[in-house]
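Below is one structure. I have some questions about it.
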Amino acid sequence: MERPNAWKDYGKKELTKVTEIGEEYRDLLSRCKTEREWTKEIIQRLEAKGYFSLESAIREGRKIVPGDRVYEARMGKAVLSFHIGQESLEKGMNIVGAHIDSPRLDLKQNPLYEDSDLAFGDTHYYGGIKKYQWVARPLAIHGVVAKKDGTVLEITIGERDEDPVVGISDLLIHLAGDQMGKKLSEGVSGEDLDLILAGQPLKGEEKDAVKASLLHILKDQYGMEEEDFLSAELEVVPAGKARDFGLDRSMILGYGHDDRVCAYAELKAIETMDETPRVTCCGMFVDKEEIGSVGATGMRANYLENAVAEILNLMGTYSELQVRRTLQNSRMLSCDVSAGYDPLYASAFEKKNAAYLGRGVCFNKFTGSRGKSGSNDANAEFIGKLRKIMDENKVHWQTAELGKVDVGGGGTIAYICALYGMEVIDSGVAVLSMHAPAEIISKADLYEAVKAYHAFMLNA
């Protein structure tokens, strides 16, 4: 029952592919650190493969036929792609879906203040983080500022070599007796995660001179007024590039593997589909999973259902019944990362049911916590079919669950899509240090995920 390590089976040709895919992904992970940046990159790459926007098709009354490639962008933070198949849409789609948001800090709408000749920015953390991991490290600011005149400024500070970085201070060890005596979860509070943004006062200013200097910089260099923070989405993320990890370069260390490693594998699999598939293949890149898939760009919103309705209408076969049948008859891989077994923290895992780095793509029959609460629990028949697809396409794969039964747990978008009645299972890449500012994945697992998602879309 123990799954073999994928590296042992690779010849020279496959090792070259593993390296190439790893390098491309590492570069993308370094450049794109927000859901908006990923959405922009995904759309560019889809259009390069001949995809056209559903919005333009609706506007032009363009008829959609088998072989067409269509995408739907949602508020600049989520994307759906459809490669229309030969069979009726009513027979269902083969869906792969990942989320492109990651844990981070968000600047508040009224963030700026001065204290003790330093200018700070208030933040609110997004998603599940260990707060102490975000102090005493270089941070960058990515995002957009929407001004009252309708213009939108794109902001990136801290990624170029010549850029300054920002960060959050920590208490020196010499005075940290009380802090060190607290539980890890209490050592740094959410309200203490304030960015140091500036430290030089503006000459001629008597009150809040450092804040005044900061506002002058923001206006001069970035075209921002303080009031513009009210309509801004500015995300604070770890500064710097993703790196090859390990002396053998077999792994990648970087911010945002959860869940961008699966989003990349999904995108790469979609790009390699040149032929018209038998059934329609759908790729989903969604937002807000880290905070419960809420909001207009999260999976709980109805944009998948709406897009299917619009496509059926442009195919000349729309009915409410057809929309329902299309979704119910679909099959889906909910592409999300799994906890990689870490021997340094072995007590948190049940060893024979854990995911291991280097042993291929993971399938989690269920997620949730403790008594499978909040879980999608995949059907045995669906898993049996997946076993056949993976083995016939020589994909290295393994099964996993998220730690010991009563230790913790987590959720994905799987249970939300299962509400349509479709077959769904979680599938992804094993990660070490999940939700930390720097996570670790194996290049072999990334390569196997690309193969798995491609095989699923063509054969499920």
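The values are calculated or read from the model by the stated rules, or taken from the named source; none is laboratory data. The model shown is predicted, which means the values in this text are computed figures rather than measured ones. Note that each Cβ is placed from the backbone with ideal geometry, even for glycine, and that neighbours are counted across all protein chains shown. Note: areas computed on protein heavy atoms with side chains; ligands, DNA, RNA excluded. Shrake-Rupley method; radii C 1.70, N 1.55, O 1.52, S 1.80 Å.
Could you grab me the full set of residues in the range 59-87 that are open to solvent by 50 Å² or more (accessible area, probe 1.4 Å) and either farther than 17 Å from Val294 by Cα or of a type in the set (Val, Ile, Thr) (or both)? So that I can check it myself, show each step before the final result.
Residues of the range 59-87 open to solvent by 50 Å² or more (accessible area, probe 1.4 Å): 59-63, 65-66, 74-75, 86-87.
Result: Arg59, Glu60, Gly61, Arg62, Lys63, Val65, Pro66, Gln86, Glu87.
If the requirement is being out of contact with any helix residue (DSSP H, G or I) (no Cβ under 8 Å at 6 or more places or on another chain) and either part of a helix (DSSP H, G or I) or without any contact (Cβ under 8 Å) to a residue 40 or more places away in the chain (or both), which of these qualifies: Lys17, Lys13, Lys33?
Working: Lys17 fails: out of contact with any helix residue (DSSP H, G or I) (no Cβ under 8 Å at 6 or more places or on another chain); Lys33 fails: either part of a helix (DSSP H, G or I) or without any contact (Cβ under 8 Å) to a residue 40 or more places away in the chain (or both).
Result: Lys13 is the single residue among Lys17, Lys13, Lys33 that is out of contact with any helix residue (DSSP H, G or I) (no Cβ under 8 Å at 6 or more places or on another chain) and either part of a helix (DSSP H, G or I) or without any contact (Cβ under 8 Å) to a residue 40 or more places away in the chain (or both).
Follow-up question, since we're still on this one. Within the set of pairs 6 or more residues apart or between chains, which connect a residue that is touching a residue at least 24 places away in the same chain (Cβ under 8 Å) and under 25 Å from Gly292 (Cβ atoms) inside the range 128-153 to a residue that is among the acidic types (Asp, Glu) and open to solvent by 80 Å² or more (accessible area, probe 1.4 Å) with Cβ atoms less than 7 Å apart?
Listed pairs, sorted by first residue: Val144/Glu154.
Same structure again: Please report, ordered by residue number, the strands (runs of 3 or more DSSP E) entirely within the range 217-261 with at least 1 residues that are at pLDDT 95 or above, surrounded by 13 or more Cβ atoms within 10 Å (Cβ to Cβ) and small (Gly, Ala, Ser).
Values: elements: 232-238, 243-245, 251-254.
Of the strands (runs of 3 or more DSSP E) lying wholly inside the range 217-261, those with at least 1 residues that are at pLDDT 95 or above, surrounded by 13 or more Cβ atoms within 10 Å (Cβ to Cβ) and small (Gly, Ala, Ser) span 232-238, 251-254.
Now a separate question. Residues that are crowded, with 24+ Cβ neighbours inside 10 Å, within 25 Å of Met251 (Cβ to Cβ) and in contact (Cβ under 8 Å) with a residue 40 or more places away in the chain: does the range 412-422 have at least one?
yes
Pull out all pairs, ordered by first then second residue, where Cβ-Cβ is under 7 Å, the residues are six or more apart or on different chains, the first lies in the range 335-347 and is touching a residue at least 12 places away in the same chain (Cβ under 8 Å), and the second is polar (S, T, N, Q) and open to solvent by less than 30 Å² (accessible area, probe 1.4 Å).
Partner pairs satisfying both residue conditions: Cys335/Ser427; Asp336/Thr412; Ser338/Asn364.
Next up: Can you name every residue in the range 187-233 that is touching a residue at least 24 places away in the same chain (Cβ under 8 Å), hydrophobic (A, V, I, L, M, F, W, C) and touching an Asp or Glu at 6+ places or on another chain (Cβ under 7 Å)?
Val210, Leu215
Test of understanding: among Ser375, Ser369, which residue is among the hydroxyl-bearing types (Ser, Thr, Tyr) and more than 20 Å from Arg331 (Cβ to Cβ)?
On the way: Ser375 fails: more than 20 Å from Arg331 (Cβ to Cβ).
Of the residues listed, the single one that is among the hydroxyl-bearing types (Ser, Thr, Tyr) and more than 20 Å from Arg331 (Cβ to Cβ) is Ser369.
Quick one: how many residues across the range 155-178 are open to solvent by 30 Å² or more (accessible area, probe 1.4 Å), in contact (Cβ under 8 Å) with a residue 24 or more places away in the chain and of a type in the set (A, V, I, L, M, F, W, C)?
Of the residues in that region, 1 qualify.
Give me the pairs, please: first residue somewhere in the range 348-376 and within 23 Å of Glu448 (Cα to Cα) and among the aromatic types (Phe, Trp, Tyr), second residue anywhere and open to solvent by 60 Å² or more (accessible area, probe 1.4 Å) and assigned to a loop (DSSP other than H, G, I, E, B), beta-carbon distance under 6 Å, and either six or more positions apart or on two chains.
Within 6 Å, the pairs are Phe366/Lys372; Phe366/Asp377.
Please give the helices (runs of 4 or more DSSP H) falling wholly within the range 298-393 in which 3 or more residues are in contact with a Ser or Thr (Cβ under 8 Å, 6 or more places away or on another chain) and buried (at least 22 other Cβ atoms within 10 Å of the Cβ). Give the steps one after another, and end with the answer.
On the way: elements: 303-314, 320-328, 380-392.
Counting at least 3 such residues, we get no helices (runs of 4 or more DSSP H) at all.
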